[in-house]
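Read-outs: derived from the displayed coordinates by stated rules, not from any lab. Bear in mind that the values here come from a model prediction, so they are computed numbers and not experimental data. Cβ atoms come from the backbone with ideal geometry, glycine included; neighbour counts cover every protein chain shown.
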Amino acid sequence: MSADLKKALNGYMDAHGGGDGLFATAIDGFFLMRSSTLSMPKPAIYRPALCIIVDGAKQLMFGDRLFDYEAMQALIISVEMPAFGQVTKASAERPMIAINLELDVTILRLGAGGDGCTAEAGRRRRAGCFRTRIRPRAAGLHTETDPDARDAQSDPNPSSGNHARDQFLVAFRKKWQ
C-alpha cells in the first residue's frame, strides 16, 4: 500500500489516542487497528467483515483452518464464528496496520439478488471466510486526489455513520455488478 495511506491511517490513530489497539471511526462498523508488537493467539468472536492488512501480518485460526494474511491481502468473514487471532509481523518502526469493515450480511444478500433471509433450498453452502489479494487499480480504489473519491466522500449528513456506509455499499454494488 502507499506510504501516503499508511501516513494518513497512522495520523488518524495518533489523533485518536495513539498507541496500539482498535480505533473507531465516524462510520459505524468501520475500524482501524494498529499493533507494534507480535502477539500470542487470542480468542475472539469474529463477526462478518472485510479485513484488509495495510502493513504487517496476522494469522487467524477458525477451527482447524489456518489463515495467514499480510500487506495487500484481505480476509472476508461471512458468518459470526469463534477464532483465535494473532499479529505475526509487526515492530515499533513498522507496526501492523489493518482496516476492518463490518458487513451486514442481509444487505449483501439483497444486493446480490437474494431474499436476505435464507439460502436457496437444497443448495449446500460452506460458511466461513476466505483470503484474497488486493489489487488497488483493479478494485477501483481511489487516491485523495481523484475527483470521484472526493465526490463519494461528500456526505450531506456527516454525523450519520450509516449514511457513509450506505454510500460505500452502493458504490461497491455498482462497481461489481
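Working from the pairwise distances between different alpha carbons, so that the mean of 1/r is found and then inverted, what is the stretch 1-50's Kirkwood radius in Å?
12.6
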If you put +1 on each Lys and Arg Cβ and -1 on each Asp and Glu Cβ, how big is the dipole of the stretch 5-60 around its Cα centre, in Debye rounded to 20? 140
How far, in nm, would the chain grow between residue 133 and residue 28 when pulled straight, counting 0.36 nm per residue and subtracting the alpha carbon separation? 35.3 nm
Radius of gyration, Dmax [the stretch 1-103; alpha carbons; angstrom]: 13.0, 39
Take residue 65 and residue 91, extend 7 Å from each Cα along the Cα→Cβ direction, and tell me the distance between the two endpoints in nm. 3.3
At what distance in nm do the modelled label points of residue 14 and residue 42 sit from each other, each positioned 7 Å from its Cα along Cα→Cβ? 2.3
